[in-house]
Amino acid sequence: MPAEFALLLVRHAIAEDRGAAWPDDAERPLSREGVRKWKRSARGLARLAPSADLLLSSPLTRAFQTAEILGKAMSPSPRVQLFPALRPDTRPGATVTALRALAPTGTVILVGHEPMLAELAALLLHLQGPLEFRKGAAMRLTSQGLGTRGPARLDWFVTPRILRDLAGTP
């Protein structure tokens, strides 16, 4: 029987607006405000989950930047690994298959995009429809076998504001 592990789903922080400045959406970075707010949110998230065994990020710039900031807030700081199965156009089932191939243990953090993260959470929790992930929100699930042994358990789902409050003073 596979060991139980924690899966943290994190939506990337506030990014620059789409438009002519970023013709390739994959290159669109976090905005200055997004970086500022996420640094504080990441400190709050690190209080809830102080370490990670694996920190996986979508290869899109805004998600990778979000993951890097989070990794620096944790101790010890995990290395961010690009995980193509977190691209926004990936179907949740394909993401689960790619995760199973890693045989995750401990605490695994996935930094990605909407609507894929909400659809992934719905799949793992056996919900009828997706949940809404605000930019910078985080959810912790506990799973055994990524859905092969029944639904994951929702431990918590927090907004960016709650994460910033957990961080304390700026």
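Read-outs throughout are calculated quantities, based only on the coordinates presented, and are distinct from any laboratory measurement. What you see is a predicted model, and the numbers here were worked out from it, not measured in a lab. Here Cβ is always computed from backbone atoms with ideal geometry, including for glycine, and neighbour counts include all displayed protein chains.
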Of the candidates Leu48, Leu55, Leu70, the one satisfying the condition of being touching a Pro at 6+ places or on another chain (Cβ under 6 Å) and not charged (D, E, K, R) is Leu55
Apart from one, (1) touching a residue at least 24 places away in the same chain (Cβ under 8 Å); (2) outside any loop (DSSP other than H, G, I, E, B); (3) of a type in the set (S, T, N, Q) all hold for Thr90; the odd one out is (2)
### Task
Inspect all residues belonging to region 84-105 and state whether any of them is crowded, with 19+ Cβ neighbours inside 10 Å, among the hydrophobic types (A, V, I, L, M, F, W, C), within 12 Å of the chain's Cα centre (by Cα) and within 23 Å of Asp25 (Cβ to Cβ).
yes
| request: State whether one or more residues within region 36-58 are among the basic types (Lys, Arg), buried (at least 20 other Cβ atoms within 10 Å of the Cβ) and closer than 25 Å to Arg91 by Cα. | output: no
If we ask which residues in region 1-54 are of a type outside the set (Asp, Glu) and over 18 Å from Thr107 (Cβ atoms), their number turns out to be 24
Examine region 140-147 for a residue that is out of contact with any helix residue (DSSP H, G or I) (no Cβ under 6 Å at 6 or more places or on another chain), under 19 Å from Leu56 (Cα atoms) and outside any strand (DSSP E or B), and state whether such a residue exists. yes
